[in-house]
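Take a look at the structure below.
Read-outs: derived from the displayed coordinates by stated rules, not from any lab. Small disclaimer: the values here were computed from a predicted structure and weren't measured. Reconstructed Cβ throughout: ideal geometry from the backbone, glycine too, with neighbour counts over all protein chains shown.
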Amino acid sequence: MPARIQRRRTKGWRKPDNTVIVTRPSRFGNPFTLAGATEWLGAETPEQAREACHMAFRSWVRGSDQWWMGAEAAATRKRLLDALPELRGKDLACYCPLPADGKPDHCHAAILLRLAAGEEI
């Protein structure tokens, strides 16, 4: 079962085999930022900002234009969705911290894992 891996900036860290990096600026990066969630949605903590970015990404990737609209948003969403087969069966690496046991994963990579596996989000 593919998993989400926390990407590191530490010396010596290497991307594991069978892993795709999904951070910005990759084509799989989340266009919604923690700074934007703090500024526009009033998130007061990094965790609240991650939850807001997760919610906005999930809504946007499902077709909503509530959080980002226009030709660029639609084209970016189409490119991302068209490339999902490249993620099937791969681990995904993002800088978001991994969730504590029993807690939800508020990283866009968790959504990408489900989409690549053909699951509903």
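A few points about this structure:
- Overall dimensions of the chain, expressed as equivalent-ellipsoid semi-axes from the Cα gyration tensor (√(5λ), whole Å, largest first), are 22, 19, 14.
- Taking Lys and Arg as +1 and Asp and Glu as -1, the other residues whose beta-carbon sits under 11 Å from that of L113 total +1.
- Separation in nanometres of the label points that stand 7 Å from Cα toward Cβ, at T38 and A100: 2.2 nm
- Take every pair of alpha-carbon atoms less than 8 Å apart whose residues are at least six positions apart; their mean separation over the length of the stretch 55-121 yields a relative contact order of 33 percent.
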